[in-house]
Amino acid sequence: MLNADMPENCLRGHCPKCGRGKIARSYFRIREACEVCHFQFLRGEGFFLGAMVVSYGIFVFGVLPVLIALWILDVLSGNAALILGVAGSIVFPVILYPLSWYLWLYLFFTFIPSQMDTDDELKA
């Protein structure tokens with residue numbers, strides 16, 4: 001069942017279910033389960049793809065339009081916009097890695113709340 005604090009918990013990097021455990025073990029490592037309530041974060045093979053899509057979406061719909069606008073307005077040259085775009089496509093996913101996981105977990109459990117209740121089935 002969803003709780004009212006889930007958006008804040010996820011964006012702060014805390015467990016979407018109990019709000020006390022941390023989602024990330026370190027900057028580049030996501031825990032398999034909450035250390036407090038043992039809620040499963042990783043839901044099987046390919047679950048990480050959702051976090052990749054979130055990271056890609058933030059770059060494509062957040063950063064890229066700004067670069068294109070700056071190029072159209074002649075603030076950046078075409079080469080500078082291209083270099084920043086390529087560099088950004090490499091750097092932003094690294095910078096956004098934990099946030100993209102937090103957002104992915106929030107979106108997943110918001111749009112498929114029944115998965116919050118299937119946690120026991122995943123442990124078996």
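Here, each number is a calculation from the coordinates, and none is a lab measurement. Keep in mind it's a predicted model, so treat the numbers as computed, not measured. Neighbour counts are summed over all protein chains in view; Cβ atoms, including those assigned to glycine, are modelled from backbone coordinates with ideal geometry.
So who's got an amide H within less than 5 Å of the one on H14, skipping anything under 5 residues away but keeping other chains? H placed 1.01 Å off N, in plane.
Close amide H contacts, sequence-distant or interchain: I23.
Sorting V63, V54, V91 on the 10 Å Cβ count, fewest up front, what's the list?
Exposure proxy ranking, most exposed first: V91, V63, V54.
Collect residues whose amide H, placed 1.01 Å from N in the peptide plane, falls under 5 Å from the amide H of I30; neighbours closer than 5 in sequence don't count.
The answer is R25.
Rounded to the nearest 0.05, what FRET efficiency is calculated for I68 and T110 with R0 set to 30 Å and r the Cβ-Cβ distance?
For I68 and T110, the calculated efficiency is 0.50.
Please check: in the Gaussian network model of the chain (C-alpha springs, under 10 Å), which one of L84, L11, L99 has the largest mean-square fluctuation.
It is L84.
Based on the Cβ-Cβ distance of V86 and F47, what FRET efficiency does E = 1/(1 + (r/R0)^6) give at R0 = 25 Å, to the nearest 0.05?
0.30
Tell me, for the chain, which Cys residues have no other cysteine's C-beta sitting closer than 4.7 Å.
C10
Using each residue's phi in region 57-63, evaluate 6.51 cos²θ - 1.76 cosθ + 1.60 at θ = phi - 60° and report the 3J(HN,Hα) Karplus result to the nearest Hz, with x for Gly and Pro.
For region 57-63, the Karplus-derived couplings read x, 4, 5, 5, 9, x, 8 Hz, x marking Gly and Pro.
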